[in-house]
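Notes for the one structure printed next.
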Amino acid sequence: METFSQAGTIDSVTCPFCGLLCDDLTVEREASGQLKVAKNGCQKSITFFGRAPQTPSARVGGKAVELKEAVAKAAEILGAAKHPLIAGLGTEVQGMRAVMSLADKAGAALDHMNSNGFIRNIYVVQNSGWQICTLTEVRNRVDLLVIVGTDIVSLFPRFFEREVWNSASMFDQNTANREIVYLGGRNIDTTAGIAPGGRKPDVLPCDPEHIPAVTAALRALTAGKKLHATEVGGIVVADLEKLAQRLLNAKYSVITWAAGTLNFPHAELTIQNVTEMIKSLNKSTRASGLPLGGNEGEMNANQVSAWISGYPVRTSYARSYPEHDPYHFSTDQLLASGETDALFWVSSFNPDRLPPKTGLPTVVFGHADTKLEHEPEVFIPIGTPGVDHNGIMFRSDNVVSLPLDQLRASSLPSLSQVLTAIEQAL
Amino acid sequence: MLIKLTGGRVYDPAHGINGKVVDIYVRDGRIVERPYDGERIDDEYNLAGKVVMAGAIDMHTHIGGGKVNIARTLLPEDHRGDPVPHSELLRAGCGHAVPSTLTTGYRYAEMGYTAGFEPAVLPMNARQAHLEMGDTPIIDKGGYAMLGSDDFFLRMMAAKKDQNAINDYVAWTIHATQAMGIKVVNAGGINAFKFNQRFLDLDEQNEFYKVTPREVLKTLARAVHELGVPHPLHVHGNNLGVPGNVETTLNTMAGVEGYPLHLTHIQFHSYGTEGDRKFSSAAARIAEAINKNKNISADVGQILFGQTVTASGDNMVQFRNASHAHPNKWVCMDIECDAGCGVVPFKYKDQNFVNALQWAIGLEIFLLVDDPWRIFLTTDHPNGAPFTSYPHLIKLLMDKTFRNEMLSRISPDAQAMSTLASIEREYSLYEIAIMTRAGAAKLVGLHDRGHLGTGAAADITVYTDNPDREVMFAKPDYVFKDGHLVVRNGNVVKVTWGATHVVKPEFDRSIEKELAKYFDAYHTVKMDHVKVTDQHIADDGRGHVQVQACEGRREKTA
């Protein structure tokens, strides 16, 4: 049995703070419970693990109360609501299982804090499907990486270190020869795409609102169509033709995007242009999409919701069976339309993700370090998975899940413990 | 707690009991021979005239893991057709082609099934498979771990590592994934597709490793056997769905030098190339080969008409067939240099020549294989049809008149190409009990399930005899799970959490030194993080792990 209250060094720690779930960190623990990343850290993991341990008390109406009292008040609000919304959903698998059970019982709607991005991918899957791969395939196979509209690293700091410029690869590929193309976006930091030998990536920049046109043009070109235009979104068509040829010639190209950063209307159609292009490339060679995401437990929410309800989030149990509507059951829409009457907000990884402003009765299950702008009816501090308690977390690729291990002694309850208590009090 | 089931007609093929009236006693979840002297009977059920069998076991059903959840995500319109509201007792969900996990457990139990085995557990996705099965109530579950297209195994094959080393890796995988057995899907083909190979026949080499499917199959069949794993190597053959693949299937049977082999959804691998459309039934040749080769068993993978979704590890074949997607959307994935998956929705139509003949081929195989201990009732849920169609399938097997009536409605061209109308056989209740209980338990290696002998777990299903077998098997009077009454009159009355069955073959753990280094060099997770712990399975009180006995290493290679 590990003694969590003593100082020590812990190897092979999994960091849940971005969708990559790097599991090779070394973390040092002081007897006080203060943690520090000693090896294989990045800016995100250093911040995440470095937060000072705290044990604030639960609050009702801004006043410190026993957990029991806060649970009773939360149950009262939930019981009184006709169509409560459980949102945020920044939690791991066990927490999400408890969310699903409570939502079923309370007739609640469910949405995740990153859904505005993630739902673009869901639209594509529900409409046409796609052909994609996982991180270890990228690490060992990619010969041409096309990155659409993002620098990757501001969301996933160690992506290039772990999946692109890795020293060994299974099939004897010299990874330093991998070709990187940044397609679309302005002022993107492309330094992470510089090969170990100093070779620079290709950059085809355009304003974000032109990404739909650029990806549509690229899809047409890979399908052998000729374009009359000489430039699209400021990119010379000859350059896009070259890229199309490289995609056709590559042995295993990977085209990647982060749905959350494709922030323009109907970005799902742009993603669909990319994914349909990938399907078509596979008629003659191999190519895969790599949708990047998974921050704040986004994959946990969608996976667990899918197996328990049949649908990803933006699902409601109001009619006593699950109904999925990616538009009506979004947090923004439910709050704006008045079709919800109580907000339950979950953010266990990140104290900076605060609930949306609303006049509705609000219950926050938050990271211990959460500093709220507006005092909710109920605040219940919960443990951080992978720090204060165990958990299971799905990675960006939505396939690999990793165990999150408790790293220090903690008196904070897990989300599932709190929600189970609320369900019993209903 | 002592329960007496009085006066039922018992079908317990494991003990040769064929419709004899026998009283059954259950004490604390297990079947006992008789009460102690003076022991009080707490509950008695009068089963006079009723049919009593062990709980049914589905030895091949896709109920958990990444591809199943992708199928769910892909098909909201299918769920909308079958919403399942919550009740006082049961949680909400959805049904039809790929039901939500809770609904899956309820509906299996309501049909008298008490166990189901997920046949395609990707080692890198094993935790998810167990999480989903962990949210599947009442029934027992377990899985077969997929090997044969994973880099580490093919690397060992290419390096001509000895069989003992391979056995250690296979055993390590079974432990890490908490599996009941090993499955191979399109041996080496999933991997070859990543190198842009589009077909891989039995003796064709993977272009990188220079290893053939035949070598993969033989090595894995031998490994499973030598490790003493009760379930033979579970094989999804190469060339699924390809006209003429009967040759590949027969060669697969012959290619393993007598080692036990289970050929799954064999219907999809029993096609000839005769006739105007170059697509014909090879059921007779397949059945003859199964009848002759006692080391071979198979499940059918019967198709039934209607909308469903095909979810498979075989992304080479799924990509090839994606143009048939109905509705027109599909997902293919390359996964972790370990395996892959392909999810393609499909609608089988009775007036479509190919679909209609597939239907007939499946039934021909059922009826032409002599030994019900070696042929199993599956639809490869949801690939051939959802598992909820089993009562209909049982009626097709037990009722020749009904079968011929159904046959008369399918594509006339398909009728003309099938011998089905001339087959007289009707399955008996005893044979159904073999196929879905005693035989399945023996095949999977569930020593205490699938029979009603002393010491067995009290997984018991009670039916009202009815000449309409579909009605009979759709709604049992009672289902007991581990001695608890969980279903009455076809409705769940108590929710329990079944066990997860695993085997733990012995192996040399020093293989972990090499594996850990390999994972550090090439993978994106650490070796230790691949392992599924008992806690991952049993957290929140959702069941427990039950270790089934292995026979110990058999004929270990020197």
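The values are calculated or read from the model by the stated rules, or taken from the named source; none is laboratory data. Keep in mind that what you see is a predicted model, and the values were worked out from it rather than measured. A quick note on method: Cβ atoms are made from the backbone with ideal geometry, for glycine too, and the neighbour counts reach across all protein chains shown.
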Condition first: over 30 Å from A:Asn282 (Cα atoms) and surrounded by fewer than 24 Cβ atoms within 10 Å (Cβ to Cβ). Now tell me which residues in the stretch A:105-138 satisfy that. A:Lys105, A:Ala106, A:Gly107
Matching residues in the stretch B:175-197 - criterion: being surrounded by fewer than 24 Cβ atoms within 10 Å (Cβ to Cβ), closer than 27 Å to B:Lys141 by Cα and within 14 Å of another protein chain (Cβ to nearest Cβ): B:Ala176
Go through the stretch B:453-558 and tell me which helices (runs of 4 or more DSSP H), entirely inside it, have 1 or more residues that are at negative phi and touching a strand residue (DSSP E or B) at 6+ places or on another chain (Cβ under 6 Å). B:469-474, B:527-530, B:534-538
Condition first: under 26 Å from B:Asn196 (Cβ atoms), touching a Phe, Trp or Tyr at 6+ places or on another chain (Cβ under 6 Å), assigned to a helix (DSSP H, G or I) and in contact (Cβ under 8 Å) with a residue 12 or more places away in the chain. Can you find one or more residues in the stretch A:141-156 that meet it? yes
Those residues of the stretch A:328-361 which are out of contact with any Asp or Glu (no Cβ under 6 Å at 6 or more places or on another chain) and β-branched (Val, Ile, Thr), in sequence order: A:Thr340, A:Val346, A:Thr358
Of all residues in the stretch B:420-430 being within 20 Å of B:Ile361 (Cα to Cα) and not hydrophobic (A, V, I, L, M, F, W, C), the one that is farthest from the chain's Cα centre (by Cα): B:Ser422
So, in the stretch A:301-323, how many residues would count as being buried (at least 24 other Cβ atoms within 10 Å of the Cβ) and at the interface with another protein chain (Cβ under 10 Å from one of its Cβ atoms)? 14
Among the residues of the stretch B:133-156, are any part of a helix (DSSP H, G or I), within 13 Å of another protein chain (Cβ to nearest Cβ) and within 24 Å of B:Tyr390 (Cα to Cα)? yes
Could you check the stretch A:162-182 and list, in sequence order, the residues that are of a type in the set (Asp, Glu) and within 11 Å of chain B (Cβ to nearest Cβ)? A:Glu163, A:Asp172
Say whether the condition of being assigned to a helix (DSSP H, G or I) and within 18 Å of the chain's Cα centre (by Cα) is met by at least one residue in the stretch B:219-227. yes
Candidates A:Ser253, A:Ser280 - the one that is assigned to a helix (DSSP H, G or I), hydroxyl-bearing (Ser, Thr, Tyr) and more than 11 Å from chain B (Cβ to nearest Cβ): A:Ser280
Among the residues of the stretch A:44-83, how many are surrounded by 13 or more Cβ atoms within 10 Å (Cβ to Cβ) and within 30 Å of the chain's Cα centre (by Cα)? 23
Could you check the stretch A:381-426 and list, in sequence order, the residues that are without any contact (Cβ under 8 Å) to a residue 40 or more places away in the chain and small (Gly, Ala, Ser)? A:Gly383
If a residue has to be surrounded by fewer than 24 Cβ atoms within 10 Å (Cβ to Cβ), away from chain B (no Cβ under 11 Å) and either within 27 Å of B:Gly65 (Cα to Cα) or of a type in the set (S, T, N, Q) (or both) to count, how many in the stretch A:365-394 make the cut? 1
Spans of helices (runs of 4 or more DSSP H) in the stretch B:234-343 with at least 2 residues within 14 Å of chain A (Cβ to nearest Cβ): B:315-320
Mind counting the residues in the stretch B:287-302 that are closer than 26 Å to B:Glu118 by Cα and among the basic types (Lys, Arg)? 1
Residues that are under 30 Å from B:Val530 (Cα atoms), at least 2 per element: which strands (runs of 3 or more DSSP E) completely within the stretch A:1-118 meet that? A:8-13, A:25-29, A:35-39, A:85-90
A careful count of residues in the stretch A:303-333 that are within 20 Å of B:Pro85 (Cα to Cα) and not in a loop (DSSP other than H, G, I, E, B) gives 10
Go through the stretch A:163-187 and count every residue that is more than 14 Å from A:Asp143 (Cβ to Cβ) and crowded, with 19+ Cβ neighbours inside 10 Å. 4
So which residues in the stretch A:395-426 are over 30 Å from B:Pro123 (Cβ atoms), among the small types (Gly, Ala, Ser) and within 14 Å of chain B (Cβ to nearest Cβ)? A:Ala421
Test: A:Val99 is modelled with pLDDT of 95 or more, closer than 20 Å to A:Pro413 by Cα and away from chain B (no Cβ under 14 Å): no
Which one is nearest to B:Ala474 (Cα to Cα) among residues in the stretch B:76-97 that are of a type in the set (A, V, I, L, M) and more than 8 Å from chain A (Cβ to nearest Cβ)? B:Ala97
